[in-house]
Amino acid sequence: PFNYLYRVTFGDLPGYITPTARDIYLPPAGASTHGQYEQGPPQDGLIELHTSPVQGDIFLNNQLVGHGSWSGRRPFGHYRATCAPVEGYETDTPYEFDLSPTNAQVTHTFVYRERQRVNIDLRTTPVAGAIIVNGELKGVGQAQFQVYLGTNMHIVLGSVSGWIEPPPEDVTAGPNGYSKVYQYQQQEPDRTTLTVKTFLYNTFIKINGNLF
């Protein structure tokens, strides 16, 4: 009906500024009004993530999003990007950032660096004993191999009949690698006392051909 005051409101549209509500009086001749929607500031931003020089899996907030390279738009907020390990390489991870109107485009590259290898030289003396590193037989009497810098090694020496093996040890491979000669100790033979007596006559006694 006319001759009434009406309240006009407008619905929200994503990405636009909603026109303000207004009151209009409806005369007998009718009335019209319109709301002007204006595009609002962006509510999301662009994220670009890469790995170099090798390709690795890329995660955003613990969700796999790409391999080697990924880009996409995400709502403003805090994010945590990580990349998966690649054999023989290491990289700095995670990378955390805020996506916001003042930081609406973020680009980051995870740079993989080749892990440094160092030389390991282990020997046993005076006998050849098994050399076991982290549960793997590396050699008998001598073991030469390479590991990554910082590798933890649990070294065990195998038993040799008649010899006492050195105790196990735990070492970390340093920048200069690691070398060592392990000394086996010969076991002392078991000894006991043997008493031999003669009766009636004094005579010589031989044991294993030796005169006593």
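The values are calculated or read from the model by the stated rules, or taken from the named source; none is laboratory data. Being a predicted model, the structure only gives us computed values, none of them experimental. Quick reminder, even Gly has a Cβ in these numbers, built from the backbone with ideal geometry, and neighbours come from all protein chains shown. These area figures cover heavy atoms from the full protein model, side chains too; ligands, DNA and RNA do not enter into them. Shrake-Rupley method; radii C 1.70, N 1.55, O 1.52, S 1.80 Å.
Per-residue packing, averaged as other Cβ atoms within 10 Å, sorts the ranges 120-126, 5-11, 175-181 into the order 120-126, 175-181, 5-11, beginning with the highest.
Using a probe of 1.4 angstrom, how much of the accessible area of segment 1-149 is carbon and sulfur, in percent? Answer for segment 1-149: carbon and sulfur cover 49 percent of the accessible area. Among F76, F110, the order of accessible area from largest down is F76, F110, computed with a 1.4 Å probe on protein heavy atoms. Given a Förster distance of 45 angstrom, what is the FRET efficiency for Y95 paired with T172, based on the Cβ-Cβ distance and rounded to 0.05? Between Y95 and T172 the formula returns 0.95. Evaluated with a Cβ-only charge set (Lys, Arg +1; Asp, Glu -1), the chain carries a dipole of roughly 700 debye about its Cα centre, given to the nearest 20.
A dipole drawn for segment 1-70 from +1 and -1 charges on Cβ atoms has a positive end, and of Y16, I58, Y37 the residue lying farthest that way is Y37. Tell me which label goes with the value of volume of the Cα convex hull per residue in Å³ computed from the coordinates here: (1) 220; (2) 135; (3) 190. Calculated volume of the Cα convex hull per residue in Å³: the matching label is (1). The amide H of Y184, built 1.01 Å from its N in the peptide plane, has T125, V127 as neighbours under 5 Å, considering only residues 5 or more places off or on other chains. Taking amide H atoms as placed 1.01 Å from N in the peptide plane, the amide H of I17 lies under 5 Å from those of E38, Q39, G40, each 5 or more residues away in sequence or on another chain.
Figure legend: label point modelled 7 angstrom from the Cα of L46 along Cα→Cβ; residues of segment 69-107 with amide N under 14 Å from it are 70-74, 103-107. Across segment 59-73, rounded Karplus estimates of 3J(HN,Hα) from the backbone phi angles (6.51 cos²θ - 1.76 cosθ + 1.60, θ = phi - 60°) give 10, 10, 6, 6, 10, 5, 10, x, 9, x, 7, 7, 9, x, 9 Hz, Gly and Pro being marked x. In this Cβ point-charge picture (+1 for Lys and Arg, -1 for Asp and Glu), segment 109-184 has a dipole of about 220 debye about its Cα centre. Simple spin-label estimate for A21 and L5 gives 1.4 nm between the two label positions (7 Å along the Cα-to-Cβ direction from each Cα).
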